[in-house]
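Read the structure below first, then the notes.
The values are calculated or read from the model by the stated rules, or taken from the named source; none is laboratory data. Given the structure is predicted, the values throughout are model-derived calculations rather than measurements. Every residue, glycine as well, gets a Cβ built from its backbone with ideal geometry; the counts of neighbours run over all protein chains shown.
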Amino acid sequence: MTKVFDMIAGIGMLIGIYLFLSNGRETVSIIEAMGKNSIAGIKTLQGR
């Protein structure tokens, strides 16, 4: 079962690299938006 998860993770990384190389600007903006949402969620959970 671990090999299956490793293979899925590897495929996900390859897809991520492809997206970054083919659509760099859009991919970076998506990652930034996800990061900002994560930070906002953490601040909310911490009560700030």
Sort out which residues of segment 7-40 are of a type in the set (D, E, K, R) and either modelled with pLDDT under 90 or loosely packed, with under 10 Cβ neighbours inside 10 Å (or both), and write them in order of number. 25, 26
Screening 43, 3 for residues that are surrounded by fewer than 10 Cβ atoms within 10 Å (Cβ to Cβ) and assigned to a helix (DSSP H, G or I) leaves only 3
I'd like to verify a number: residues in the chain that are of a type in the set (Phe, Trp, Tyr) and within 13 Å of the chain's Cα centre (by Cα), how many? 1
Any pair with Cβ under 9 angstrom, 6 or more apart, that starts in segment 23-48 at a residue that is at negative phi and ends at one that is among the charged types (D, E, K, R) and loosely packed, with under 10 Cβ neighbours inside 10 Å: 42/48
